[in-house]
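Beneath this line is the structure, given in structure tokens, with notes to follow.
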Amino acid sequence: MHLDTQTTIFMICFVYLILHGAIWLALQEYRSFQVKLWCAAGMFSGMAVVLLAMRGQVSDFLFFYVAQLLMLIGNWGRMVALRMYLLPAPQYRAYKAYILINVSYFILFVYLIYFQQAEWEALVIFNAFYAVLCFDYFRIGLKLHRLRESLGAKLLMWGGLILSSTLGIRAFGVALAGTIDDIYEPSWHQALMVVGQFMAITLCNIAFLRIFLEIAEQKKIAVANELMLTNERADVMHRTSIDLKKLLEEREEIIRQLTVYNKTAGMGALV
């Protein structure tokens with residue numbers, strides 16, 4: 001079956017939407033802001049991919065500017081959600097850097113498209129920017145793996161590497177072409193980027209779900225251990241209170257016997 005590039009990119013959108021929707025439903029009982037942020041950000045990216053796959057069917061304003069803005073918001077939200085796994089280590093500088101980098105890129109992209117009509121340069125910068133930005137998935141996974149070895153962290157590292165490397169190859173391929181007539185034109189680097197997107201998106205979503213469940217299980221075990229220790233302390237206190245009660249009863253008996261002995265001694269002395 002022959003699939004053109006636009007159709008394939010459109011299929012990536014369903015990967016975004018289905019995986020993030022599934023995670024939302026699977027973790028709904030936790031009522032976690034982090035899960036809501038991750039899934040909502042994925043939905044934004046999914047809508048961006050829809051617009052990126054519909055050039056010629058939507059206006060250039062939606063294709064160039066709205067899609068870019070949605071993609072930036074989606075990636076920003078997912079990275080913030082991932083960095084919440086690194087708390088309580090301070091993340092303020094990383095969040096600030098995300099905002100500064102994203103705003104700078106968007107301004108540059110708008111300048112190239114609106115003022116220069118430089119689609120080739122904009123496409124090179126688009127792929128190169130996300131290749132660098134998405135490498136942070138790998139860095140976050142590496143930090144999580146160093147904190148506690150887990151399958152989720154390893155999957156996130158692989159997802160980040162695949163996403164970053166395939167986008168980087170796509171940027172390199174477009175740069176070598178020197179010009180572009182059709183952004184959907186089939187090429188080896190286009191195919192590699194699309195396959196990488198499928199793999200990386202799947203891996204990153206599975207990684208997020210896995211890490212969340214691993215941390216939830218660790219918290220559950222910690223609560224269970226704390227409950228066990230509390231029960232043990234309660235048992236010790238209960239036994240101690242019983243022993244103390246016995247000691248007080250013995251004390252009262254000794255005092256009673258001393259009182260009797262004193263009375264007997266007093267009577268003896270009187271006699």
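Worth a mention:
- Contact order, relative form, for the chain: 16 percent (alpha carbon pairs under 8 Å, 6 or more residues apart, mean separation divided by residue count).
- Shape of region 1-135, Cα gyration tensor, a/c cut at 1.5: oblate
- Restriction of the trypsin sites (Lys or Arg not before Pro) in region 14-91 to DSSP coil positions whose beta-carbon has at most 11 other beta-carbons within 10 angstrom yields R31.
- With a cut-off of 15 Å between beta carbons, the residues surrounding S164 carry a summed charge of +2, where Lys and Arg count +1 and Asp and Glu -1.
- Excluding ligands, DNA and RNA, the accessible surface per residue across the chain is 60 Å² with a 1.4 Å probe.
- Charge tally in the Cβ shell below 10 Å around A153, where Lys, Arg are +1 and Asp, Glu are -1, A153 excluded: +3
- The stretch between Y92 and Q218, if pulled fully straight at 0.36 nm per residue, gains 42.8 nm over its current Cα-Cα span.
- The chain: DSSP helices with Cα axial extent of at least 30 Å and average Kyte-Doolittle hydropathy no lower than -0.5: 5-26, 151-177, 188-270
- One chain, two ends: Q28 and H145. Fully extended at 0.36 nm per residue, the span grows by 39.6 nm beyond their Cα-Cα distance.
- If you model region 117-271 as an ellipsoid using its alpha carbon gyration tensor, with each semi-axis the square root of five times an eigenvalue, the axes come out at 82, 12, 9 Å, biggest first.
- Given their separation in residues at 0.36 nm each and the Cα-Cα distance between them, D182 and D235 gain 11.5 nm when the chain is fully extended.
- Percent RCO, i.e. relative contact order, over region 1-93, from Cα pairs under 8 Å lying at least 6 residues apart: 31 percent
- Calculated over region 61-134: convex hull of Cα atoms, volume per residue (Å³): 72 Å³
- Anisotropy class of region 64-205 from Cα gyration tensor, a/c 1.5 cut: oblate
- Entry for Kirkwood radius over Cα pairs in Å (calculated from the structure that is shown) out of [x] 19.7; [y] 22.5; [z] 18.2: [y]
- Portion, in percent, of the accessible area of the chain that falls on carbon or sulfur, probe 1.4 Å: 69 percent
- Accessible surface for W120 stands near 60 Å², nearest 10, in the context of the full protein assembly shown (1.4 Å probe).
- Pairwise centroid distance, computed over Cα atoms, of region 209-228 with region 28-103, Å: 28 Å
- Accessible area (Å², 1.4 Å probe, nearest 10) - D181: 150 Å²
- Taking every alpha-carbon pair under 8 Å whose residues sit at least 6 apart, region 53-162 reaches a relative contact order of 21 percent.
- Pairwise Cα distances in region 183-228 exceed 11 Å in 72 percent of cases.
- In region 138-244, the trypsin sites (Lys or Arg not before Pro) that fall in loop regions by DSSP, at most 16 other Cβ within 10 Å: R148
- Under 26 Å from the Cα of K36 - lysines, other chains or at least 8 residues apart: K96, K143, K154, K219, K220
The values are calculated or read from the model by the stated rules, or taken from the named source; none is laboratory data. From a predicted model like this one, the values you see are computed outputs, not experimental measurements. Please note: Cβ atoms are built from the backbone with ideal geometry, for glycine as well, and neighbour counts cover all protein chains shown. SASA here: full protein model, heavy atoms, side chains in, ligands and nucleic acids out. Shrake-Rupley method; radii C 1.70, N 1.55, O 1.52, S 1.80 Å.
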